[in-house]
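Single-structure report; data block below.
Where a number appears in this text, it was derived from the coordinates with a stated rule and is not lab data. Remember, predicted model here, so these are calculated numbers, not experimental data. Here the Cβ positions follow ideal geometry from the backbone for every residue, glycine too, while neighbour counts run over all protein chains shown.
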């Protein structure tokens, strides 16, 4: 659900006029923000679902649909309006960039990643949630590394290489989306299983 390679060209565009210290700070802010958002979703997502009266099965179907839309955009090597709207992209270009919006949220920690964190947290108790938060921390470390090495990655892979990586991740995401939707539909409509 996190596609740091998708963020590389956007990160490079945003930081084109930044010095090295400013880029280092931005990478750190983005990685920490993604961690806080996804860890909060994993730990508090069930409570939020209960408050709004949504079942986990319905959330799986809805979340799977969002993931599928994101996967289709990735297969076309586009950011897609689910991750970043045109208005958000325009705002990013026009103002002082903080790294929180839209690079960290919703580009990296978007609806798909948040939904997946909530769904993954439902499978166990406190130990399971602790392991999940540790996995989120590892993913955020990967985000930090990819963005820290963004210029090297972009120069080595080029636009085509970045698009291929994004498409491969999109294909995997599409499979995860279909599986997530199928599990939710099986519970909502027991006759399907």
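Going by C-beta contacts inside 10 Å, put 3, 46 in order with the fewest on the left.
46, 3
Could you check the simple spin-label distance between residue 130 and residue 178, using points 7 Å along Cα→Cβ, in nm with one decimal?
With each label placed 7 Å out from Cα toward Cβ, I get 3.8 nm.
Simple spin-label model, 7 Å along Cα-to-Cβ: residue 137 to residue 149 in nm?
2.2
Sorting check: for 18-24, 158-164, 6-12, which peptide has the highest mean count of neighbouring beta carbons within 10 Å, and how do the rest follow?
Working: 18-24: 11.7, 158-164: 13.3, 6-12: 21.1.
Answer by packing, highest mean first, reads 6-12, 158-164, 18-24.
Going by C-beta contacts inside 10 Å, put 17, 47, 116 in order with the fewest on the left. Mind dumping the intermediate values first?
Values: 17 6, 47 9, 116 23.
Fewest-to-most Cβ neighbours within 10 Å comes out as 17, 47, 116.
For the stretch 4-186, taking Cα atoms only, what is the radius of gyration to one decimal and the Dmax to the nearest whole Å?
Cα radius of gyration and Dmax of the stretch 4-186 are 16.6, 52 Å respectively.
Which part of the stretch 157-193 falls in the paramagnetic zone of residue 55, meaning amide N under 15 Å from the point 7 Å along Cα-to-beta-carbon?
Residues 181-193 fall inside that zone.
Given the rule -39500 (n - 2.57) for each run of at least 4 DSSP H residues, summed and divided by the residues of the chain, what is its mean residue ellipticity at 222 nm, to the nearest 500 deg cm²/dmol? Numbers along the way, then the final one.
Working: 7 runs with 146 residues, N = 193.
Mean residue ellipticity, 222 nm, calculated: -26000 deg cm²/dmol.
Tell me whether the stretch 104-193 comes out rounded, prolate or oblate; compute the Cα gyration tensor, take square roots of the eigenvalues as a ≥ b ≥ c, and use a/c under 1.5 as the rounded threshold.
Working: a/c = 3.28, a/b = 1.57, b/c = 2.08.
Oblate, because a/c is 1.5 or more while a/b does not exceed b/c.
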